[in-house]
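Participant: Dropping the structure in here first, questions after.
The values are calculated or read from the model by the stated rules, or taken from the named source; none is laboratory data. No experiment lies behind these values; they were computed from the predicted model shown. A quick note on method: Cβ atoms are made from the backbone with ideal geometry, for glycine too, and the neighbour counts reach across all protein chains shown.
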Amino acid sequence: MGNYDVVALGELLIDFTENGISEQGNPLLEANPGGAPCNVLSMLTRFGKKVAFIGKVGNDGFGNLLEKAIVEQGISAEGLKKDDEVHTTLALVLKKPDGDRDFAFYRKPGADVNLKPEEIDPELIKASRLFHFGSLSLTDEPAKSATIKALDLAHEYGKLISFDPNLREPLWPTLDDAKVQIDYGMKQADIMKISDNEIQWFTGKEDFDEGIRYLQENYPNLKLICLSMGPDGSRAYCNGLCAEAPAFLQEGTIETTGAGDTFCACMLNTVLDTGIENLDEAAMKEMLLRANAAASLVTTKKGALRVMPTVEEIAAFRKERGL
């Protein structure tokens, strides 16, 4: 086992996304490898970071496809477990008329939530610089206990911890349950990426600055908070400073799957390269511009994990926009 820049834990699944209409008028669905944590890791490999994944898939055709996909992207699968009894988790992502996404999950049971605490290898977390997780491994047991164990190890070993609330309403018994677990996640982390709808829902504040103040007061452990606001760009809050950058809107956008994960990876890459304590306004603005550009590029492609933009593509896109 080598050393890793980032180890992420969570869901690895198949996203069935629309890809045309059949001769009979039925939607054609494409089996895209997905799951937020691995999307983040895939983008980090584009920056040359060494990454590993902890999670579980079914010992089935889709599980084999997912393992192959992450290894192809340069993500170590040494923490990936396979379940002989529970199938790989599936998500159906259908587009609503307004362009937003409608998620339907096949996950009760699903292999990703069957990750057990004893399947967490402490050495993998010990070998990393940063541990990243989202809320979806906290929805059900035993994955919830496995996540808590991994976080306890990350704290014990003094690792940086990153959290993505990643609210997916259909996966929670109630939104109150989601709030309890997302509160737990926020208390564990040094770094968080949160979206506009998530911060409004969680804090109950419509105004973003008020929402950020609420988070800073209640979660002083969060040293860096990045807020993604879709077409309105993004903001970063760190060291008592705030930076903002515009979105890179474009005609070529076809779906937003993976945009937040791409953004999150760019944020983590900057933290790894610069250090949280060295983030000033200029460094945060540069981080946000790169993250917004990368997120915009991924919206022009179907899927996410296999189609993350390269550093060169991001730079060319920014040059084209003069940003």
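Participant: Mind counting the residues in the stretch 104-161 that are among the small types (G, A, S), assigned to a helix (DSSP H, G or I), touching a residue at least 60 places away in the same chain (Cβ under 8 Å) and under 20 Å from L92 (Cα atoms)?
Facilitator: Number satisfying all stated conditions: 1.
Participant: I've got another one for you. Which of (1) more than 30 Å from S128 (Cα to Cα); (2) buried (at least 19 other Cβ atoms within 10 Å of the Cβ); (3) touching a Gly at 6+ places or on another chain (Cβ under 7 Å) does K205 not meet, given it meets every other one?
Facilitator: Just one mismatch for K205, condition (2).
Participant: Taking the stretch 5-35 as the region of interest, how many residues are farther than 18 Å from G260 by Cα and either of a type in the set (D, E) or without any contact (Cβ under 8 Å) to a residue 24 or more places away in the chain (or both)?
Facilitator: Here the count works out to 11.
Participant: What residue, among those in the stretch 230-249 that are at pLDDT 95 or above and of a type in the set (D, E, K, R), is farthest from E286 (Cα to Cα)?
Facilitator: Ranking the qualifying residues of the stretch 230-249, first place goes to R235.
Participant: From the set of residues in the stretch 71-107 that are at pLDDT 90 or above and loosely packed, with under 13 Cβ neighbours inside 10 Å, which is farthest from S137 (Cα to Cα)?
Facilitator: Taking the candidates together, the pick is E72.
Participant: Now, a different point. Tell me which residues, restricted to the stretch 80-114, are within 19 Å of the chain's Cα centre (by Cα) and basic (K, R).
Facilitator: Selection gives R101, R107.
Participant: Continuing with the same structure: So, D273, is that one charged (D, E, K, R), under 17 Å from S195 (Cβ atoms) and either out of contact with any strand residue (DSSP E or B) (no Cβ under 6 Å at 6 or more places or on another chain) or in a helix (DSSP H, G or I) (or both) or not?
Facilitator: On the way: charged (D, E, K, R): yes; under 17 Å from S195 (Cβ atoms): no; either out of contact with any strand residue (DSSP E or B) (no Cβ under 6 Å at 6 or more places or on another chain) or in a helix (DSSP H, G or I) (or both): yes.
No: the conditions fail for D273.
Participant: Considering every residue within the stretch 32-50, establish whether at least one is part of a strand (DSSP E or B), under 27 Å from T274 (Cα atoms) and either at pLDDT 95 or above or touching a Pro at 6+ places or on another chain (Cβ under 6 Å) (or both).
Facilitator: Quick first cut of the stretch 32-50, residues part of a strand (DSSP E or B) only: 32-34.
Then drop every residue that is not under 27 Å from T274 (Cα atoms), which leaves none.
Scanning the stretch 32-50 turns up no residue that is part of a strand (DSSP E or B), under 27 Å from T274 (Cα atoms) and either at pLDDT 95 or above or touching a Pro at 6+ places or on another chain (Cβ under 6 Å) (or both).
Participant: Considering the stretch 128-151 alone, what residues qualify as being surrounded by fewer than 18 Cβ atoms within 10 Å (Cβ to Cβ) and touching a strand residue (DSSP E or B) at 6+ places or on another chain (Cβ under 9 Å)? Outline the logic, then answer.
Facilitator: Of all residues in the stretch 128-151, those surrounded by fewer than 18 Cβ atoms within 10 Å (Cβ to Cβ) come to 129, 141-142, 144-145, 148.
The answer is R129, and nothing else.
Participant: Output the residue which, of all residues in the stretch 1-31 that are in a strand (DSSP E or B) and of a type in the set (G, A, S), is surrounded by the fewest Cβ atoms within 10 Å (Cβ to Cβ). Before you say what the answer is, go through the steps one by one.
Facilitator: Here is the first cut: in the stretch 1-31, the residues in a strand (DSSP E or B) are 4-9, 13-21, 27-31.
This time we only want the ones that are of a type in the set (G, A, S), so: 8, 20, 31.
Details: A8: 32, G20: 9, A31: 16.
It comes out as G20.
Participant: Next question. Tell me which residues, restricted to the stretch 285-318, are surrounded by fewer than 21 Cβ atoms within 10 Å (Cβ to Cβ) and in contact with a Gly (Cβ under 9 Å, 6 or more places away or on another chain). Let's see the steps before the verdict.
Facilitator: Of all residues in the stretch 285-318, those surrounded by fewer than 21 Cβ atoms within 10 Å (Cβ to Cβ) come to 285-286, 299-302, 306-307, 310-313, 315-318.
T299, T300, K301, V307, V311 - these are the residues of the stretch 285-318 that are surrounded by fewer than 21 Cβ atoms within 10 Å (Cβ to Cβ) and in contact with a Gly (Cβ under 9 Å, 6 or more places away or on another chain).
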